[in-house]
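The values are calculated or read from the model by the stated rules, or taken from the named source; none is laboratory data. Everything quoted here is computed from the prediction, not taken from an experiment. Here Cβ is always computed from backbone atoms with ideal geometry, including for glycine, and neighbour counts include all displayed protein chains.
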Amino acid sequence: MPELPEVETVARGLRAVLPGRRILSVRLGKTDFIDDPAAIEQRLLGTRINEVRRHGKFLVLELESSNGRARSFALLIHLGMTGQIVTCPPEVRVAPHTHVFLSLDDGRELRYTDIRRFGRIAILTDGAQEDVLSSLSLDPLEATHEQFIAKLHARRARIKALLLDQHVLRGMGNIYTDESLWRARIHPMRLGANLTPGQLRRLYRAVRGVLTEAIRLRGSSISDYVDSNGQPGEFQRRHRVYQREGKRCCRCGAAIRRAIVAGRSSYFCPQCQPAPRPRRRRPR
C-alpha cells in the first residue's frame, strides 16, 4: 500500500502541473470505489483545480466551481493498495484497470488506475472535509520532538502498532515503520510506555530521516506503485529489513527475522533490535 513517501511524491508531481487547470470532461469506468459517481460526473465538470496537497495517505485536490457562483470543495483520493494516478497526453496507451479519466484544458488527461479497487474517491464539502481529515493525527514530518514523544511515551501498546495507528501518527505504514525501528534499534514488540527518552529521541530522528530519504528517492516500488509520471520509485534499494527475512543485517551480520506484530508481518534484526524481556512474576 502506498504510504506517506509515495503519496507525497505523487502529490508533488501533480502539484507541478495541475493548479490552474480546468476539468473539461469526466469519464468513469468501474465505480465501486467511488462514493457518489453521479456527483463526480456532475460537480467536477468545469471546475478549476486550485491546489494539490497530501494529508496522511490521502491526496486532496482543492477545487473551485464557477457554476452560478464560485464554490469551493475538495476531491479526496486514497490509492488503496494498487491505485495509480498519472497525467499524460490522451493518445498514450490506456493501462488496464483505468477507471477514471479527467480531461484537462491543457490537452492532457488525469487518469486513475486501480487493479484491486481498494482505493477511494469522494467529493468533500468544507464540513465533510473537516470531519474526514480531522480524525487523523499528527503528520510525522510536521510533528515536533515534544509532540512525537507525547503521542508515544505513555501508551501501553506495541511500538509497531502505535506507529501504524493513523490516530497516533498519520501516513506511516508497514515499510517505513520497520525501517525506522531498525534505524532506531528498537524491537517492534517493545511497549511505547517502556521506551526510554533516549530511545524515543532516536526513533523521532529515524522516522524523519527514513521518510525524508524515501521522498527524495520518490518512494518504494514494491508492487504496483508509480509516481504521477508513471515512473517507479527507488527507495526499495535502500531497505535494510523490510522483506529481507533470512538475509544478513547490513549493520551487524545477524539474520533478519520476521514476526507478526499488530497483525502485520514485521521484519527486524534480533541482535540490533533486542526483544523485550518477559516480566518475572513476583512470588507470593
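Of note:
- The set of residues in segment 1-32 that are closer than 28 Å to Gly173 by Cα and either among the aliphatic types (A, V, I, L, M) or touching a strand residue (DSSP E or B) at 6+ places or on another chain (Cβ under 6 Å) (or both) comprises Met1, Leu4, Val7, Glu8, Val10, Ala11, Leu14, Arg15, Ala16, Val17, Leu18, Lys30.
- The residue that is farthest from the chain's Cα centre (by Cα), counting only those in segment 67-109 that are under 30 Å from Asp131 (Cβ atoms) and basic (Lys, Arg), is Arg69.
- Within segment 223-235, being touching a Phe, Trp or Tyr at 6+ places or on another chain (Cβ under 9 Å) and surrounded by fewer than 18 Cβ atoms within 10 Å (Cβ to Cβ) holds for one residue alone: Pro232.
- Yes/no for Val86 being touching a helix residue (DSSP H, G or I) at 6+ places or on another chain (Cβ under 7 Å), in contact (Cβ under 8 Å) with a residue 40 or more places away in the chain and within 15 Å of Arg108 (Cβ to Cβ): no
- Ala214 vs. criteria among the small types (Gly, Ala, Ser) and over 27 Å from Pro278 (Cα atoms): yes
Okay, residues lined up against (1) farther than 19 Å from Ile159 by Cβ; (2) at pLDDT 95 or above; (3) not assigned by TED's automatic domain parsing to the domain that holds Thr87:
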residue	(1), (2), (3)
Gly246	yes, yes, yes
Ala259	no, yes, yes
Arg264	no, no, yes
Phe268	no, yes, yes
Arg280	yes, no, yes
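- For segment 134-154, filtered to residues that are surrounded by 17 or more Cβ atoms within 10 Å (Cβ to Cβ) and in contact with a strand residue (DSSP E or B) (Cβ under 8 Å, 6 or more places away or on another chain), the residue that is modelled with the lowest pLDDT is Leu136.
- Scanning segment 116-133 for residues that are more than 18 Å from the chain's Cα centre (by Cα) and surrounded by fewer than 17 Cβ atoms within 10 Å (Cβ to Cβ) yields a total of 6.
- Per-region count, segment 187-201, residues surrounded by fewer than 17 Cβ atoms within 10 Å (Cβ to Cβ), touching a His at 6+ places or on another chain (Cβ under 9 Å) and of a type in the set (A, V, I, L, M, F, W, C): 1
- Reported count of residues in segment 96-123, each being closer than 30 Å to Thr212 by Cβ, without any contact (Cβ under 8 Å) to a residue 60 or more places away in the chain and in contact with a strand residue (DSSP E or B) (Cβ under 8 Å, 6 or more places away or on another chain), is 3.
- Arg257 vs. criteria within 28 Å of His78 (Cβ to Cβ) and basic (Lys, Arg): no
- For segment 17-62, filtered to residues that are among the basic types (Lys, Arg) and either assigned to a loop (DSSP other than H, G, I, E, B) or modelled with pLDDT under 95 (or both), the residue that is surrounded by the fewest Cβ atoms within 10 Å (Cβ to Cβ) is Lys30.
- Conditions (1) closer than 27 Å to Arg93 by Cα; (2) buried (at least 16 other Cβ atoms within 10 Å of the Cβ); (3) not charged (D, E, K, R): number failed by Tyr204: (1)
- Residue list for segment 173-186, filter: within 13 Å of Ala161 (Cβ to Cβ) and surrounded by fewer than 23 Cβ atoms within 10 Å (Cβ to Cβ): Gly173, Asn174
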